[in-house]
Amino acid sequence: MTETAKWYVVHTYSGYENTVKATIEKTVESRHLQNQILAVSIPLETVTEITESGVSKTFDRKVYPGYVLVKMVMTDETWHVVRNISGVTGFVGPGSKPTALSDAEVAAMGIETPETKEVVSFKVGDTVEIKDGALKGTKGTLKEISEDLKKVTVIANMFGRDTPFELDAKDIKLAEE
C-alpha cells in the first residue's frame with residue numbers, strides 16, 4: 001500500500017502547524033492508520049541572526065508558514081481524518097480535490113531524498129586512482145570506506161610519505177594496473 005503514498009500540502013491556520021502535526025500523528029496512532037498516513041513534516045531552516053548588540057542567535061524557522069506536509073495514501077477515510085483536524089483549513093489543490101506534490105517538487109523542497117542504493121565496486125586494500133580535484137591521477141591504497149558508502153580514505157604517497165586523504169567515493173576509481 002505504501003507505493004501509492006504521495007506528499008500532500010495541508011493548509012493550516014497561522015501558528016497552528018505544530019499542533020496540527022501533533023494531532024495528525026496522535027490520530028494516526030489511535031486509529032491505526034500507520035500504513036496509510038506515513039509521515040507528517042514541517043520543513044524548517046536554520047537561521048542565524050545578529051542582533052543590534054552584535055550577539056548571534058541561531059534558531060529554526062518554518063520554510064512554509066501555514067502549511068504542513070503529509071505523506072499519505074489518499075482515500076476518503078484519510079482525507080476525512082486530515083481535513084477534520086482542528087486548525088486545518090484544507091488541502092492545497094483545485095476545489096476540494098487535493099493535488100499531490102510531484103517527485104521533483106518533493107526533491108526541491110528537501111522533504112525527502114530519493115533513496116539510491118550505492119553500489120561500490122571496490123574494497124579496502126584495492127589500488128585506486130583519484131579521478132577529480134587537485135589530486136587527479138594520483139594512485140593510492142583504499143584504507144577505509146564509510147558506512148554510508150559516501151566517503152573513502154585513500155593512502156597515497158606524497159613527497160615520499162604515506163598520506164591519508166578523505167574523499168567522496170564518487171571521486172575515485174579502480175586503478176588500471
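Quick note: the coordinates plus some simple rules give every number you see, no bench work behind them. None of the values given here were measured: they were computed from a predicted structure. Quick reminder, even Gly has a Cβ in these numbers, built from the backbone with ideal geometry, and neighbours come from all protein chains shown.
Here are the numbers for this structure:
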| item | result |
| --- | --- |
| Residues with amide H under 5 Å from that of F91, placed H, sequence gap 5 or more | H11 |
| Among (i) 63, 34, 28; (ii) 70, 54, 30; (iii) 44, 35, 34, the entry that matches Cα extents along the principal axes in Å as calculated here | (ii) |
| Hits among aspartates and glutamates - C-alpha to C-alpha of K6 under 16 Å, sequence gap 8 or more where chains match | D76, E77, D103, E105, E112, E115 |
| Nearest-ten-degree value, helix 17-31 long axis tilted from longest Cα axis of the chain | 80 degrees |
| Backbone HN-Hα couplings from phi across region 160-170 [Karplus 6.51/-1.76/1.60, Hz, Gly and Pro as x] | x, 10, 6, 10, x, 10, 8, 9, 6, 4, 6 |
| Where trypsin sites (Lys or Arg not before Pro) fall in DSSP loop in region 71-161, at most 15 other Cβ within 10 Å | K117, K123, K131, K136, K150 |
| Proximal lysines to K139, defined as alpha-carbon separation beneath 27 angstrom and excluding residues fewer than eight positions away on the same chain | K117, K123, K131, K150, K151, K170, K173 |
| For region 130-160 and region 1-69, distance of Cα centres in Å | 40 Å |
